[in-house]
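The structure under discussion appears below in the form of structure tokens.
The values are calculated or read from the model by the stated rules, or taken from the named source; none is laboratory data. Remember, predicted model here, so these are calculated numbers, not experimental data. Heads up, the Cβs are rebuilt from the backbone with ideal geometry, glycines too, and the neighbour counts pull from every protein chain shown.
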Amino acid sequence: MTTIALIVAAGSGRRAGGPKPKQWQTLNGRAVVLWSIQMFQAHPLVDRIMLAAPADGVPEGISIPDGVEIVTGGGSRAETVQNCLRACPDAKRVLIHDAARPAVTEQMITDVIVALETHDGAAPALPVVDALWTGKDGVVTGAADRSGLFRAQTPQGFQYSAILAAHAAYTGAAADDVEVARAAGLDVAIVAGDPRAMKITNPTDLARVEHMMKQGTTYVDIRLGNGYDVHKFGPGTHVTLCGLEIAHDHGLVGHSDADVGMHAVTDAIYGALARGDIGQHFPPSDPQWKGAASDIFLRHAVALASEMGFTISNVDCTLVCEFPKIGPHAQAMREKMSKIMGLDADRISVKATTSERLGFTGRGEGIASIATATLVAS
């Protein structure tokens, strides 16, 4: 069942102040909208992401991650949502989310999707706990019953065909998509909201969300990836491991320079980003990569991590071989990788083990490598 997240970011967003609309302003070093994109991309139950952008497109200097589809918004929020809905006819479920809620949590997304198994729609909300007054001209004129009242949040999820028909039939302005759904007679479940997932509306809101993130009261996106690679021995006078040439009576066979250690680290980074492997970015069928130095691949993975808003915290690479001996060269390998990755050497581990003369590595037929990379949203 295809679940598509529609992130609405086409509004003017001027009430929050600042030099540009709130969804494009910087929050802890990244554009506000990128925080939501990151969370939906990382969610295992979300298949695709659409970003509704203004007619003049995404502002210069903001890099939208690969795989996010850009849809041109309309003159109103309702038109923008309808543009997105028409652009995804293959959807079964849609999650409509305000870009101005950058602290949406994985649990909120999960709860909405699960509720859609038994309801036409579902949305997170927080019960109103404060006393409610009516007032006029700065004076309290009465009290209002807060029983059964909720503060709406997003994402608001719906069965695709139901919300598409609801929007087509709705006239006038609506506060949100739940109002549109209710007007069409759809049943909408309430799931638990999260007070951290506040909406940025006024100038002080951006600072409040930023403070929460810095204090660690909202999620921190930490990614782990692993990589594994194998190359067999062949003719040659040296092997290249983690960027270092080591004299040996055999070489390693591969389409590129067969640096098994660097390949494993590169794939670990791609894995943490959910961006495939080396073969997808640098196909072995392409002759331009014949004999290529593997630092090309690693530099690309490191740059991609940065573009997607991640900092590489550390990498751990284990080389599995009977020979050559890795220990005497491990520090030089770490220093090589440090220069290539722009990472302190004390965040890079290179170590070796044998396979106790078992398997192909034990028989001296080649070298294997396994690596782990930790990435943290920056």
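Per-structure values
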item: Residue match in region 259-266 (condition: over 25 Å from PRO65 (Cα atoms), in the same structural domain as ALA371 (by TED's automatic domain parsing) and hydrophobic (A, V, I, L, M, F, W, C)); result: yes
item: Elements of type helices (runs of 4 or more DSSP H) in region 11-116, at least 2 residues being surrounded by fewer than 21 Cβ atoms within 10 Å (Cβ to Cβ) and modelled with pLDDT under 90; result: none
item: Members of region 282-298 found to be surrounded by fewer than 16 Cβ atoms within 10 Å (Cβ to Cβ) and touching a helix residue (DSSP H, G or I) at 6+ places or on another chain (Cβ under 6 Å), listed by number; result: none
item: Only one of ALA168, ALA143 that is more than 30 Å from GLY309 (Cα to Cα) and in a strand (DSSP E or B); result: ALA143
item: Of the criteria (1) more than 30 Å from ASP98 (Cβ to Cβ); (2) in a helix (DSSP H, G or I), which one GLY236 fails; result: (2)
item: Residues within region 51-68 that are touching a residue at least 60 places away in the same chain (Cβ under 8 Å) and either farther than 19 Å from VAL32 by Cβ or more than 20 Å from the chain's Cα centre (by Cα) (or both), tallied; result: 1
item: From the options THR80, THR141, THR105, residue that is within 30 Å of ASN28 (Cβ to Cβ), out of contact with any helix residue (DSSP H, G or I) (no Cβ under 9 Å at 6 or more places or on another chain) and in the same structural domain as ASP187 (by TED's automatic domain parsing); result: THR80
item: THR134, sole failed condition from (1) modelled with pLDDT of 95 or more; (2) part of a strand (DSSP E or B); result: (1)
item: Of all residues making up region 69-90, the number that are within 25 Å of MET108 (Cβ to Cβ), out of contact with any Cys (no Cβ under 9 Å at 6 or more places or on another chain) and without any contact (Cβ under 8 Å) to a residue 40 or more places away in the chain; result: 3
item: Given (1) within 30 Å of PHE310 (Cα to Cα); (2) within 25 Å of the chain's Cα centre (by Cα); (3) not small (Gly, Ala, Ser), index of the condition TYR160 fails; result: (1)
item: Subset of region 146-165 that is small (Gly, Ala, Ser) and in a strand (DSSP E or B) - its residue that is farthest from ARG101 (Cα to Cα); result: GLY157
item: Odd one out for ALA274, checked against (1) of a type in the set (A, V, I, L, M, F, W, C); (2) on the phi > 0 side of the Ramachandran plot; (3) buried (at least 24 other Cβ atoms within 10 Å of the Cβ); result: (3)
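Yes/no per residue for (1) farther than 14 Å from VAL81 by Cα; (2) modelled with pLDDT under 95; (3) touching an Asp or Glu at 6+ places or on another chain (Cβ under 9 Å):
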| site | (1), (2), (3) |
| --- | --- |
| GLY138 | yes, yes, no |
| ARG146 | yes, yes, yes |
| TYR160 | no, no, yes |
| ILE163 | no, no, yes |
| VAL178 | no, no, no |
